[in-house]
Amino acid sequence: MEEKNIIIHSILLVPMLMIFFSLKNGETSRNQHRPYFRAMSGVNIIQIISELIYLVLHTHFKTNTIAKYTGAFFMGISFVSYYVILSLFSFYAYAFISQKKKISHLWASITIPVCAVYALGWFISCFNGMFYNVQSDIPYRGILYHAGQLGGFFVFVDMFILIITSVKSVGIKDSIILLNFIIFPLIAVLLRKHKPEISFMPISISFLIMLIYSYIQVRQAQLIKEQEVQLSKDKFAIMISQIRPHFIFNSLNSIYVLCGRDPEVARKAINDFSSYLRTNIEILENDDLIPAAKELEHLEHYLNLEKLLFGEDLNIEYDIGDINFKIPPLTLQPIVENAVKHGILKRKGGGTVRISIQAKDKMHEICVDDDGVGFDINSFPADGIQHIGMKNVRERLYLMCHGNLDIQSIPGKGTWIKIQIPDDWY
């Protein structure tokens, strides 16, 4: 039987090594749960190799005292690996679910001390047999075996509650895949009760990692590539939505008039205009995040030009308390442009646009409010190009920095837009 175990574990190493080296760290910035999955794969490889060493020593050198204790040590590493994998899975599930809904770190964090205590207990057990005796000819359960199972069951219950309460956000299929990480190890525990000579746990963990890799990781990597292609196509659409011919002509005409009336103001307007065009064109060459301060500077250039065109009908208020973070380029302008064109300028006598950037509850929070005409939230009033711009902003916020955008509006009262970017996403 142990010879079969050696063969099975040797075969398992091949796909696990392939999965581990196929997961490149460079793709983790837009997929926060990927590093935990790669870590699980790596620890599972350590678990398989440790059990292989134990099986070889236990099968062929069982009468040798040094080999017996060496084998016990590596079996202890295997048990420790199992609890490390449990803890990593907790963080994997947390990161995966937190992409769809806001949840507390506590779900994953509470598993660390539990897994650490039981990992130590099972490692010691390999030498004193309190949970499981691995040094006898046929391994058997120790006197505290059932107490040794409580740590794993605690993590299973914790993760079960998290997954079940997140089904609506995550989806049934993904929830079932995640639940398998609880079901398979439980089955392995039950099987080992009847067949203690067979190492079911590393096998079940390996199959689970293969299942998650083939269903979730590969699918999400493909989805991210498709979204990146779509965002690349939309780059031109969002640039066009920012650089409109009538805006350029009106700005140039105003600057022309100012050149004769107030050359100093005209020079400032030319600087605003050139900076505005330069930033819009740069998005075609670079999709990387930019400092919030630079994004705010670009917005100020745009609003200076709008103020030049509409005078007292347009008032701007700033409340800036947090700029130490990064944001996708051209995030704020389409939002503020909507506030100006579809809110303030449609109201008799104009109005005020307020831009606030603050740090709140581990979030970078950006608020753009106006007291314009407002609209029915169920029938977005913007034209086609502007709608593409807003849609692009929401998608880029989510894909590039895990941010979200919320819109609220009341007809006749105004519109409130809030962007939240977590401060720990990178």
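Given the criteria closer than 30 Å to LEU57 by Cβ and in contact with a strand residue (DSSP E or B) (Cβ under 9 Å, 6 or more places away or on another chain), does TYR132 qualify? I'd like the intermediate steps shown before the answer.
Details: closer than 30 Å to LEU57 by Cβ: yes; in contact with a strand residue (DSSP E or B) (Cβ under 9 Å, 6 or more places away or on another chain): yes.
The answer is yes for TYR132.
Of the residues that make up segment 17-27, is at least one within 18 Å of PHE184 (Cβ to Cβ) and either out of contact with any Asp or Glu (no Cβ under 9 Å at 6 or more places or on another chain) or of a type in the set (A, V, I, L, M) (or both)? Even if it seems obvious, please write down each step before you answer.
From segment 17-27, those within 18 Å of PHE184 (Cβ to Cβ) are 19; that's our starting set.
Imposing the further condition that a residue be either out of contact with any Asp or Glu (no Cβ under 9 Å at 6 or more places or on another chain) or of a type in the set (A, V, I, L, M) (or both) reduces the set to 19.
Within segment 17-27 (the criterion being within 18 Å of PHE184 (Cβ to Cβ) and either out of contact with any Asp or Glu (no Cβ under 9 Å at 6 or more places or on another chain) or of a type in the set (A, V, I, L, M) (or both)), the answer is yes, since at least one residue qualifies.
List every residue pair whose Cβ atoms sit under 9 Å apart, with the two residues 6 or more apart in sequence or on different chains, where the first one lies in segment 210-221 and is within 14 Å of HIS33 (Cα to Cα) and at pLDDT below 70 and the second, anywhere, is open to solvent by 50 Å² or more (accessible area, probe 1.4 Å) and not aliphatic (A, V, I, L, M).
ALA221/GLU27
What do you reckon, is SER166 of a type in the set (S, T, N, Q), open to solvent by less than 30 Å² (accessible area, probe 1.4 Å) and either modelled with pLDDT of 85 or more or within 34 Å of the chain's Cα centre (by Cα) (or both)? Show your work before the answer.
Working: of a type in the set (S, T, N, Q): yes; open to solvent by less than 30 Å² (accessible area, probe 1.4 Å): yes; either modelled with pLDDT of 85 or more or within 34 Å of the chain's Cα centre (by Cα) (or both): yes.
Against the criterion (of a type in the set (S, T, N, Q), open to solvent by less than 30 Å² (accessible area, probe 1.4 Å) and either modelled with pLDDT of 85 or more or within 34 Å of the chain's Cα centre (by Cα) (or both)), SER166 qualifies.
Would you confirm whether or not segment 328-346 contains a residue that is polar (S, T, N, Q) and not in a helix (DSSP H, G or I)?
Looking only at segment 328-346, we keep the residues that are polar (S, T, N, Q), and these are 331, 333, 338.
Checking the rest, the ones that are also not in a helix (DSSP H, G or I) come to 331.
There is at least one residue in segment 328-346 that is polar (S, T, N, Q) and not in a helix (DSSP H, G or I).
Checking ILE355 against (1) surrounded by fewer than 18 Cβ atoms within 10 Å (Cβ to Cβ); (2) assigned to a strand (DSSP E or B), which test does it fail?
(1)
The values are calculated or read from the model by the stated rules, or taken from the named source; none is laboratory data. Source: prediction; values computed, not measured. Heads up, the Cβs are rebuilt from the backbone with ideal geometry, glycines too, and the neighbour counts pull from every protein chain shown. Side chains are part of the model used for accessible areas, which takes the heavy atoms of the whole protein and leaves out ligands, DNA and RNA. Shrake-Rupley method; radii C 1.70, N 1.55, O 1.52, S 1.80 Å.
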